[in-house]
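The values are calculated or read from the model by the stated rules, or taken from the named source; none is laboratory data. In this text the structure is predicted, and so the values were computed from the model without any measurement. Neighbour counts run over all protein chains shown; Cβ positions are idealised from the backbone, glycine included. Quick note on the areas: whole protein, heavy atoms, side chains included, nothing else; ligands and nucleic acids left out. Shrake-Rupley method; radii C 1.70, N 1.55, O 1.52, S 1.80 Å.
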Amino acid sequence: MSNMLKSKLNMELVQDNILSQADNNVEYCSENCQDFSEALAEQREKLEDAEVSSLRMVAIYLLLLEKARVAPKEMLSKELRNPANKKILPQLLDVMAGAQTPDAHQAAMETLNFRSTFSIDLPERYLWALSLAPHPPEEVLRDVLRRWRSQEIPDARLKQTLVLALGALGKHFAAFADNAHKQVVKEIHKAIWDALDACKDEPCKVVLLRAVRNLGATGDVEMLLDHVVHGERKTAVVAMKALRSLPLEALRGEGVRAVLEEVYFQAGRRYDSTARTIAGDLLVELYPRDVAMVEAMFRGLQDLQSYEVNTFVLGRLRDLATRDEGTRELLRRYEARTDYHRLAQGGKSTYFTRDFYRDVPDGSNSTFSSGLEISAGLLKLVTFDAHMQNSLGSLDYLQPNEPSDVCRQVALYTAGLHTYSSKEPDPEDLNDVATAGMELSLLGTQLRPFVFFEGQGELMGHIWSGTASTRTPAIQGTYILHDHVESIPLSNGLLGRITFTGSVSLDLGGQIQTSLWYKTCHFQRRHQSSGTQLQLGGNTFRWLTMSPTDLDAFQMSPSKKIAGVVIRGRVSADTPFVQSKIEVTLAAQPQLDIVSDMDFSEKTMMCLQMSQPDFVLKHTVRKAEHIIGQQHRLRKIARRTRPVPGCTYLMNKKGRDGAVPVGDPAAALRLLRGAGGAHGAHMVGDGVHSHPCHSGDQKRTIRLRTGDVHPARSRGVDPAVQRAPRTDHVHGFGLPGPGRSDSDQSLVQDLSILHDHVESIPLSNGLLGRITFTGSVSLDLGGQIQTSLWYKTCHSNVDTRAGVVIRGRVSADTPFVQSKIEVTLAAQPQLDIVSDMDFSEKTMMCLQMSQPDFVLKHTVRKAEHIIGQQHRLRKIARRTRPVPGCTYLMNKKNSKFCNIMFKDKS
C-alpha cells in the first residue's frame, strides 16, 4: 500500500501511527528535582556499610537509581572518583549496575581495576550486581564480552565471575522476544561454547559449564547431555546441575530420559553420587506417575551398596506423594509389594518440603525444600530450595526469571573428608582433596562458589588459627529485584505511565564454631535484607583449643536470614500543565534464622532449627496532584501495617526418637541450650522436630535457653544456710560465660483462662440480671543453670512468676438504663526454687524453696448510666493486703547439707 501511494503521489512517505507516544527527552519536575550529585550529597551518611540490609538503604537506593539513569557519564564518574565517597563506593557501584545505562556502566568500568591481583572485591561486587540486572542494554553485553575475550584479567576468581556474569546477562537480554535472535546473543553463546570445547582440563570445563547454566538456553540440552555421558566426574555433576536449572518442558524428550536413566542406574559407567541423585530427582519430577519408572526405581532398591542414593530418591518420591494423589496411589501400591529389606535402606540422606505460608482464598503459597546427601557417613551436599506459587502459575522465590519450578538458592558441599569417617567411602572418592564450600544462586544467577578450604593443610590452618571466629560477611550488596515501565494511551489523549520497581539489600554472612575439646560443632547463617531487600547469612569457621584453665566451649551463633523487601508501584499522568500520580509501596523486613548444632563426642547427633521471628508488613498508598505554575498541591497518604507472627518451621522427623541418650546431662544441657528461639525445638538424630508454624493460636511460647547465673541471694532460710558467693565457673557444655546476659531465661510462658462462667437470672421486677465470672493466669517459668567442671559444683535457679486476675460482674442492662457492680481480685505471686550441688568430694545437694513478698489487690467498681441522659455514676473502692514472704521448710537432711556446703563461704 505504501509503495502504491509513493508512486501515485511521487513523494517520499514515512510510516507513523496516531497513538500517543512518550517523550523521553522532556522531563517535568515539580518536587525532588535534585540531580544525582545533589541527592548523593544529601544521603551520603546514610549509605554506610552498617545500613546494608535495612529498609532505609533500599529507599535511598531506589532514589539514587532514578537519578543515575538520567545523569551524564561525566557526573557519575566524578562521584565515583570523589574521595568523600570512598567509604560508600561499594554501594555506589550497586547503583551503577542497577541503573542499566551505558553511561553508568562506562563510568563504573573506568573506575574499577580489573588487572589487580591484590583485591577483587569492588570489581566482583559490581559484576554480581550487574549479573542480576533484568534489562541490560546491548552495549553492556558487548563490553563484558570484549573484556572476557581480551584475557587481560590475571585473577582466576575475577575471570570466573566475569564469565558467569556474561552468561547471566545473555539470559536476561534474550528473555525479551525482540532480543532473543540478536547477533550479540549468538556471539555470547558461541564464545562460551567455543571456550568450553577448547578446555583441556576439568577445572576449566567446570567454570564454563556454570556459565552455560547461567545462560539458560534450552537449545543446549544435547551438548549438556554429551558432557554428562562422556565428561569426567565433576564435569558430569556440573552438567547435571545445568540441566536441572532448565525448564522441565525442555527435558521431556526420550533422549534426555535415556541419559537420566543411564546415570541413575549406572548402566554405562559409574557416576558420582551427586549426579545420580540429581538424575533421580529429575526422573521423579518429570515422570511422577509413570508406572514403568517407579517400578524400575523400586527394583533398583536391591542395590544396597548405593543405600544413600536409594534413601534420597525414596524420600523424594514420598515427599512428592504428599502433594500428588496419583503418585501417592502408585507409591502405596509398590510399597505394599516391596519387602522391608529394600525399603529400610538405612541411609541418612533425606529430602522434604515444607510450607513457608499458604493462602487458600487467593490460591497462593510458598514452600521450601531441603535435600541432604550423605556419603560415607559424612555430609556431601545439602541444598535449600524456595518456591512461590499462585493461582496463575509458579514464581520462583529469589529467582523470578528462573524457568525451573524450584530454585536452588543455597548449596553447601564437601569432598575428600573420608579420612575422618569410619565408614568405607566410594572408591572414586579416595583421590578427592579435602574441600568444603558454598554455592549460591540469586535471582536465577549462580555466583562464583565460595571455597572454605581446599586441602587438609588449609583445613588445619583454619583450625589452629581460629579463622572467621566471628560473623564474617560473604556477600553484601543492594540489587534491583523488579524493574518494569509501561506507557498506556488514555482515552482523553494523555499518556499514563506505570512504573514497578523493587530492590533487595543483601548481607550474607555467618560463622561456624567447632570445639575439639567437647567434640561439638555449631553453624550459623544469617540472611538479612531490606527495602526490596533480602539478607542472607553466611559461614564462619571457629576452631577453639582448650586448656584446663580455659574450658570455654564454643559459643552458639544462630544463622539469621533477614530479608527486607520494598516493592513500589506508581501510576502517573504527567503533562506540561498538571501532574498526577498514585504510588503504592509494600515493605517488610522478615528474618529467617537457621541454626545447626552437631555433637560427635559419642553418638553423632545434629540439631537443625529454622525459625522466623515476628515482623511487620507495611503498606503505604500516596496520592499527589500538582498544577504546574500554581500553588495548588494535593497530597494524601494512607498507611497500614499488618503484624506477621513468628513461627518455627517443621523439619524432618527422622531419627527423632532416642536422639538424646537417657541420663546424659551433657546432651540435656546441649538440648536446653540449642533449642532457643521463638518456639523452641527438639534435638533429633538427623535434624530437628520443631513446633509447627501456627498463624492462629500464638498463646504459648516455649523458650529453652540457658543464661548466666545471678549472684547468690539469701532467701530467708536457716541463718546458718547462706548462698555460695559467685565465682568464675568453668563453662562446660557450651554454657554462656561471664559477661553475657544475667537475666532469667524463659522456659515456659503461658497465658491461659482460669475461670469462665456466665449466667442469667430473672429478677422479681421483670428485668434480667447477668452474672459473669472470669479469671486468667499469666505464667512465666524460667531459670538458670551454671556448672563448673573445675570446682565440681552445679547451681540452678528455677523461678515461677504468675499474674492472676479473677473478676466477677453483676449487671442489669435494659434499653433505658445500665447498671453493674464489678469485683476484681489480682495478685502477682512468685515461687523460687534454688538447688546447689557439690560433687568435689562427697556428693551433696542443697535445695531451697521460697516465696518473696507480694500484694493482694481487691477492687470494687459500681457504675450506672441512664441511656440518652447525662446521668452517670461511677464509684471505685480499692484495698490492698500485703502477703509476707516465707521460706518453706524442707527435710532435715537437706538443711544439714546446706549448712555444710555454705558455712565456710558465708
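Would you check if Arg872 is open to solvent by 50 Å² or more (accessible area, probe 1.4 Å) and either of a type in the set (Gly, Ala, Ser) or modelled with pLDDT of 90 or more (or both)? No, not satisfied. For the structure I just gave you, tell me whether Val70 is over 22 Å from Val566 (Cβ atoms), open to solvent by 60 Å² or more (accessible area, probe 1.4 Å) and at pLDDT below 95. It is false that Val70 is over 22 Å from Val566 (Cβ atoms), open to solvent by 60 Å² or more (accessible area, probe 1.4 Å) and at pLDDT below 95. Taking residues in region 160-172 that are assigned by the TED database to the domain that holds Ile188, and partners anywhere that are hydroxyl-bearing (Ser, Thr, Tyr), the pairs with Cβ atoms closer than 7 Å and at least 6 places apart or on different chains are Leu164/Ser131; Ala165/Ser131; Ala168/Ser131; Ala168/Thr445; Leu169/Ser131.
The rows are residues; the columns are (1) of a type outside the set (Lys, Arg); (2) under 35 Å from the mean Cα position of the chain (by Cα); (3) open to solvent by less than 10 Å² (accessible area, probe 1.4 Å).
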position: Ala195; (1), (2), (3): yes, no, no
position: Glu202; (1), (2), (3): yes, yes, no
position: Val207; (1), (2), (3): yes, yes, no
position: Arg210; (1), (2), (3): no, yes, no
position: Leu215; (1), (2), (3): yes, yes, no
position: Val229; (1), (2), (3): yes, no, no
position: Arg233; (1), (2), (3): no, yes, no
position: Ala239; (1), (2), (3): yes, yes, yes
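Just to be sure I understand, how many residues within region 864-904 are touching a residue at least 24 places away in the same chain (Cβ under 8 Å) and touching a strand residue (DSSP E or B) at 6+ places or on another chain (Cβ under 8 Å)? Going through region 864-904 one residue at a time, the tally reaches 19. Could you please let me know if Gly444 is more than 18 Å from Val206 (Cβ to Cβ), crowded, with 22+ Cβ neighbours inside 10 Å and at pLDDT 75 or above? So Gly444 fits the description; yes. The residues listed here are Glu329, Glu295; of these, the one that is more than 22 Å from Val263 (Cα to Cα) and open to solvent by 70 Å² or more (accessible area, probe 1.4 Å) is Glu329. Just one of the listed residues (Met901, Met890) is assigned by the TED database to the domain that holds Gly782, within 30 Å of Leu781 (Cβ to Cβ), open to solvent by 50 Å² or more (accessible area, probe 1.4 Å) and not in a strand (DSSP E or B), namely Met890.
Anything in region 487-499 that is open to solvent by less than 80 Å² (accessible area, probe 1.4 Å) and in a strand (DSSP E or B)? List them, or say none. First the steps, then the outcome.
Just the residues of region 487-499 that are open to solvent by less than 80 Å² (accessible area, probe 1.4 Å), to begin with: 487-490, 493-496, 498-499.
Passing the criteria: Ser487, Ile488, Pro489, Leu495, Gly496, Ile498, Thr499.
Scanning region 613-672 for residues that are of a type in the set (Gly, Ala, Ser) and part of a strand (DSSP E or B), we see that the one that is modelled with the highest pLDDT is Ala638.
Just to check your reading of the model, which residue among Glu822, Glu841 is among the charged types (D, E, K, R) and either in contact with a Cys (Cβ under 8 Å, 6 or more places away or on another chain) or in a strand (DSSP E or B) (or both)? Walk me through it before giving the result.
Numbers: Glu841 fails: either in contact with a Cys (Cβ under 8 Å, 6 or more places away or on another chain) or in a strand (DSSP E or B) (or both).
Only one candidate passes the filter, namely Glu822.
Scanning region 264-275 for residues being open to solvent by 20 Å² or more (accessible area, probe 1.4 Å) and not in a loop (DSSP other than H, G, I, E, B) gives a total of 2.
A count restricted to region 760-775 and to residues that are modelled with pLDDT under 85 and open to solvent by less than 80 Å² (accessible area, probe 1.4 Å) stands at 3.
Pairing residues of region 100-123 that are open to solvent by 70 Å² or more (accessible area, probe 1.4 Å) with residues that are part of a loop (DSSP other than H, G, I, E, B), at Cβ distances under 6 Å and at least 6 apart in sequence or on separate chains, gives Thr117/Pro154; Thr117/Asp155. Scanning region 283-305 for residues that are free of Cβ contacts under 8 Å to residues at least 40 places away in the same chain and assigned to a helix (DSSP H, G or I) turns up Leu283, Val284, Leu286, Val291, Ala292, Met293, Glu295, Ala296, Met297, Arg299, Gly300, Gln305. Screening region 175-193 for residues that are open to solvent by 30 Å² or more (accessible area, probe 1.4 Å) and assigned to a helix (DSSP H, G or I) and picking the one that is farthest from Val221 (Cα to Cα) gives Gln183. Among the criteria (1) among the aliphatic types (A, V, I, L, M); (2) buried (at least 20 other Cβ atoms within 10 Å of the Cβ); (3) assigned to a helix (DSSP H, G or I), the one Ile153 does not fulfil is (3).
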